[in-house]
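Presented below is the structure to which this report refers.
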Amino acid sequence: MINIWNSITYRSEQTLNYGLKRVWALHALPSSNYVAIGFDEATVVIKIGNELPMMSYNNGKVVLINKGEIQNFNLKLN
């Protein structure tokens, strides 16, 4: 689970649970609201203020949501 805290009020704003086991990495882009989260089983990119993933990666497959359009990519090597 991931808890998002308000840095001014020190209160929990939201709890996210994608069911992807442990979190190993977290990266935020300084000039945007995007945060990448690396789990045991996948990687998820979210936009703070929206709990739906903008992009996810699992077992060689990437799913990207761009302007209401869903795109799939397969990154597995044959």
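Read-outs: derived from the displayed coordinates by stated rules, not from any lab. Keep in mind that this is a model prediction, so the values were computed, not measured.
Tell me, in nm to one decimal, what length is gained between Asn17 and Lys47 on full extension, where the rule is 0.36 nm per residue of separation less the Cα-Cα distance?
9.3 nm
First obtain the Kirkwood hydrodynamic radius of region 2-74 from its Cα pairs, then insert it into the Stokes-Einstein equation at 20 °C and 1.002 mPa s, and state the resulting D in µm² per second as a whole number. Could the numbers behind the result be given before it?
Numbers: Rh = 13.2 Å.
Answer, rounded: 162 µm²/s.
Give, in nm to one decimal, the length gained when the segment between Ser7 and Asn33 is fully stretched (0.36 nm per residue of separation minus the Cα-Cα distance).
Once the chain is fully extended between Ser7 and Asn33, it gains 7.9 nm.
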